[in-house]
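This is the structure I have questions about; it appears just below.
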Amino acid sequence: MNILLISANNERMPDPVPPIGIGFIAGAVLKKNHQCKILDMNFISDFKISLLNEIKDFQPSVIGISFRNVDNSAFPAVVSYIEHYKNIVKVCREELPNIPIIAGGPAFSLFPDELYDILKLDYGVVGEGEYVFTDIIESINNGNKMKPGIYSSKNQELDINEFSPAFDLLNIKEYFKQSGSINIQTKRGCNFKCCYCSYPLLEGRKIRFKNPKIAVDEIEYCLNKYSVDYYFFVDNVFNIMKEHSVSICEEILRRGLNIKWTAYVSPAGLDKATLEMYKKAGCASLDFGIDSASFAGLKALSKDFSPLDIKNCSLWCKELGIKFNHSIILAVPGETKETLEESISNIMECNPTAVTGMIGIRVYKNTALSEKLIKEGWIKEKDINTRPVFYIEENVKEYALERATELSKKYKNWVFPGITHKMDPMFFDLLRSRGVKGPLWGLLG
Ligand code: SF4
């Protein structure tokens, strides 16, 4: 069968994100000996014309659409992507009325029932799609044993070593040019218990590690074929089991790959020896998802590290010449002016390359935070949906907005995507066209 996959995301700020999720699905489809193509909304100006071209050239039998985010999670400048998603499905229905549409991706997995109804889909896949998506297309191919509806991967133990993204179906050259790195995933799942986080709902709490040799094979493939020499380890937390991350580094060094990379990391359990190994293997920058730097804030968010851990990691990064960003949230549950100031002053002490901040927390279903808020009567379960709701500690809401505005005006390396105007897409394009690689916050320090 000919399977047309559509990556619906077209958010380009701060960078267009290579859709490796749909790349994994394409890899799974090819393994089952079907033909596959990817239409990527990041590079399409007129979706209808592009779809018509694909219908003429490729004649798809099934359409799969990946929905990445429901909104940008940035208060107060919130942008919802639902209308954009509706338009994509509408054009598919108009041009291919008899072709089944299968939806998936993080946004769909977080709000399956709602999006299934709003978008009037045929099939939906919740969670990891490699097995379920291919089961559905096999079923369609063999006479529709699986009825239309929503299917979940949650009981399946997906072996991530079985699959690699179909890099040749993604526009790797253009992504590297426009976003300065290519994404690599070395594990799935997260066993931390941050109270607001939806990632464990998407990938589960059980961590599954990719064999370091296979992960580095993926890097070597993109390096040799597309000359990509900067990578982004997009695992939720690259150092979640630091021994595994060190094995990845050892494999990079063993093969003598001349690359640079960045990753999301946590101060929990991170030590200087591990950071030294990262540096040796090409680590140029790290993004710490600390969320707060006050004792009370970290406790309220159920973070597994202390302000001292944050300071130590920051110091080691400085000593080793690794650029680092602290991602923070102001007005977390229980925040007071004092805890907010404690958080800011601890971060100042760390002297990070950059700080990216959000005001309040986008509330998702089935998290510890949403369950608490429902219990306390702050919100009803039915009101946690695709219309974004933020928990912003009421007593400090105005204060947090004022402080965020002040900080972003005073310090060029403090960025609040919900309120500042430092994110100029034309300037970002200019930087990339001049060959700037890695995260753009790396230029702020
Ligand atoms: S915020 Fe990060 S570390 Fe915490 S649960 Fe989510 S993915 Fe894991």
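Compute all pairwise cysteine Cβ distances in the chain, then list the cysteines with no distance under 4.7 Å to another cysteine.
CYS36, CYS92, CYS190, CYS195, CYS222, CYS249, CYS283, CYS313, CYS317, CYS350
Could you list the trypsin sites (Lys or Arg not before Pro) in the stretch 128-189 that lie in coil according to DSSP, counting only those with at most 10 other Cβ atoms within 10 Å of their Cβ? Walk me through the intermediate numbers first.
Details: sites: LYS145, LYS154, LYS173, LYS177, LYS187, ARG188; in loops: LYS145, LYS154.
Taking the stretch 128-189 and a limit of 10 other Cβ atoms within 10 Å, the loop trypsin sites (Lys or Arg not before Pro) found are LYS145.
Mind grabbing the accessible area of HIS34 for me, 1.4 Å probe, Å², rounded to tens?
Counting only protein heavy atoms, the figure is 10 Å².
Here is a follow-up. If one computes P(r) from the Cα atoms of the stretch 389-444, what percent of pairs lie at distances over 15 Å? Please report the intermediate quantities before stating the final value.
Details: 897 of 1540 pairs.
Tail fraction, whole percent: 58.
Which GluC sites (Glu not before Pro) from the stretch 152-213 combine a DSSP loop assignment with at most 11 other Cβ atoms within 10 Å? Before the final figure, lay out the partial values.
Details: sites: GLU157, GLU162, GLU174, GLU203; in loops: GLU157.
Within the stretch 152-213, the qualifying GluC sites (Glu not before Pro) (loop, at most 11 other Cβ atoms within 10 Å) are GLU157.
Tell me, what HN-Hα J-couplings in whole Hz come from the Karplus equation 6.51 cos²θ - 1.76 cosθ + 1.60 at θ = phi - 60° for each residue of the stretch 265-270, using x for Gly and Pro?
9, 10, x, 5, x, 7
Out of LEU430, LEU121, LEU330, any idea which swings most in a Gaussian network model of the chain, alpha carbons joined below 10 Å?
Its mean-square fluctuation being the largest, the pick is LEU430.
For LYS380, which aspartates and glutamates qualify as cross-link partners when the Cα separation must be under 15 Å and same-chain residues fewer than eight apart are set aside?
Straight-line reach from LYS380, under 15 Å: GLU371.
Using a probe of 1.4 angstrom, how much of the accessible area of the chain is carbon and sulfur, in percent?
Details: 9990 of 19420 Å².
The C+S portion of the solvent-accessible surface of the chain is 51 percent.
Separation between the GLU276 and ASP71 pseudo-spin-labels, each 7 Å from Cα along Cα→Cβ, expressed in nm?
Going by the 7 Å Cα→Cβ label model, 4.7 nm.
Quote the accessible area belonging to MET277 in square angstrom, nearest 10, computed with a 1.4 Å probe and with ligands, DNA and RNA left uncounted.
The value for MET277 is about 30 Å².
As a test of reading the structure, rank TRP316, TRP441, TRP378, TRP261 by solvent-accessible area (1.4 Å probe, protein chains only), most first. List each step's numbers first, then the result.
Values: TRP316 55, TRP441 35, TRP378 110, TRP261 0 Å².
Putting TRP316, TRP441, TRP378, TRP261 in descending order of accessible area: TRP378, TRP316, TRP441, TRP261.
Also, quick follow-up: Over all alpha-carbon pairs in the stretch 2-152, figure out the percentage whose distance exceeds 24 Å.
Details: 2984 of 11325 pairs.
Cα-Cα pairs in the stretch 2-152 separated by more than 24 Å: 26 percent.
Here is a further query. Please sort by residue number the GluC sites (Glu not before Pro) in the stretch 350-402 whose DSSP state is loop and whose Cβ has at most 13 other Cβ atoms within 10 Å.
Values: sites: GLU371, GLU376, GLU381, GLU393, GLU394, GLU398, GLU402; in loops: GLU376, GLU393.
Here the GluC sites (Glu not before Pro) that fit, given the DSSP loop and packing criteria, are GLU376.
Say each of LEU253 and MET426 gets a label point 7 Å from the Cα, pointing the same way as Cα to Cβ; how far apart are those two points in nm?
Rounded to a tenth, the inter-label distance reads 4.7 nm.
Just to check, using Stokes-Einstein with a Kirkwood Rh over alpha carbon pairs, what's the diffusion coefficient of the chain at 10 °C and 1.306 mPa s in µm²/s? List each step's numbers first, then the result.
Details: Rh = 22.7 Å.
Estimated diffusion coefficient is 70 µm²/s.
Sort ILE118, ILE361 by accessible area with a 1.4 Å probe, largest first. Write down the numbers at each step before the final one.
Values: ILE118 55, ILE361 5 Å².
Listed by decreasing accessible area, they come as ILE118, ILE361.
The values are calculated or read from the model by the stated rules, or taken from the named source; none is laboratory data. Just so it is clear, the structure is predicted and the values come from calculations on it, not from any experiment. All Cβ positions, glycine included, derive from the backbone under ideal geometry; neighbour counts span all protein chains shown. When the accessible area is computed, the model is the full protein with side chains, heavy atoms only, and any ligands, DNA or RNA have been set aside. Shrake-Rupley method; radii C 1.70, N 1.55, O 1.52, S 1.80 Å.
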